[in-house]
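Participant: Pasting in a structure now, in C-alpha cells, and then I'll have a few things to ask.
The values are calculated or read from the model by the stated rules, or taken from the named source; none is laboratory data. Everything numeric here is computed off the predicted structure, so don't read it as measured data. Cβ placement follows ideal geometry from the backbone for every residue including glycine, while neighbour counts extend to all protein chains displayed. Note: areas computed on protein heavy atoms with side chains; ligands, DNA, RNA excluded. Shrake-Rupley method; radii C 1.70, N 1.55, O 1.52, S 1.80 Å.
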Amino acid sequence: MVKTLDTFVFASQPSVNEALVRELLRGQYIVDRENVLIVGNSGTGKTHLATALAFAACAQGRKVRFFTVTQLVRLLLETREERSLQRLMSQLERQHLLILDELGYVPFTKAGAELLFEVVSGRTSGSA
C-alpha cells in the first residue's frame, strides 16, 4: 500500500503540523534546496509522512530516492571499496529529493558517518 497524505490520520498524531505538511507537498523546499527533518518517537508516522512527500514529488515529475540511513551508509562503503563511489555520488546528486529514513537507529563507523555527511552536505550547496 502506497503511503500518501490521504491515508495519514492527523487526529491520531496531534503534534504533527498538518498545515506545514500540506505546504511541503507543494515541493518548494526541493526547489529551494532546503532540508526537511521529521523527528519523533517510534510509531508516530515519520516514515509515512516521508513517503507521502516522496510520492508527491514523484507526481510532480521529480527524481526521488528513498533509503534507510543504514542502507545508504552500507552502499556508500561498498561502492568506495569497489572504487565506484564517485559514480554513486553523481547519481545521488542528480536526484531532486533524497529521503533518508531511520537516522539514529543504528550506529555506524566513522568512515560511514563521513560519507553520509558528504552526501547530505553536498545536497544543500550549489544549484539544482
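Participant: Consider segment 4-45. How many of its residues are in a helix (DSSP H, G or I), aliphatic (A, V, I, L, M), over 21 Å from R94 (Cα atoms) and open to solvent by 70 Å² or more (accessible area, probe 1.4 Å)? Don't jump to the end; show me each part of the working.
Facilitator: First, pick out the residues of segment 4-45 that are in a helix (DSSP H, G or I): 5-7, 10-12, 18-24, 28-31.
Pick out the ones that are also aliphatic (A, V, I, L, M) and you get 5, 11, 19-21, 24, 30-31.
Within this subset, residues satisfying the condition of being over 21 Å from R94 (Cα atoms) are 5, 11, 19-21.
Keeping just the survivors that are open to solvent by 70 Å² or more (accessible area, probe 1.4 Å) gives 11, 19-20.
Adding up the residues that qualify gives 3.
Participant: Among the candidates E23, E34, single out the residue that is under 13 Å from the mean Cα position of the chain (by Cα) and of a type in the set (D, E, K, R). First the steps, then the outcome.
Facilitator: Numbers: E23 fails: under 13 Å from the mean Cα position of the chain (by Cα).
Matching residue, one of E23, E34: E34.
Participant: E82 passes all but one of (1) modelled with pLDDT of 95 or more; (2) under 22 Å from E102 (Cβ atoms); (3) of a type in the set (D, E, K, R); which number fails?
Facilitator: Among (1) modelled with pLDDT of 95 or more; (2) under 22 Å from E102 (Cβ atoms); (3) of a type in the set (D, E, K, R), E82 violates only (2).
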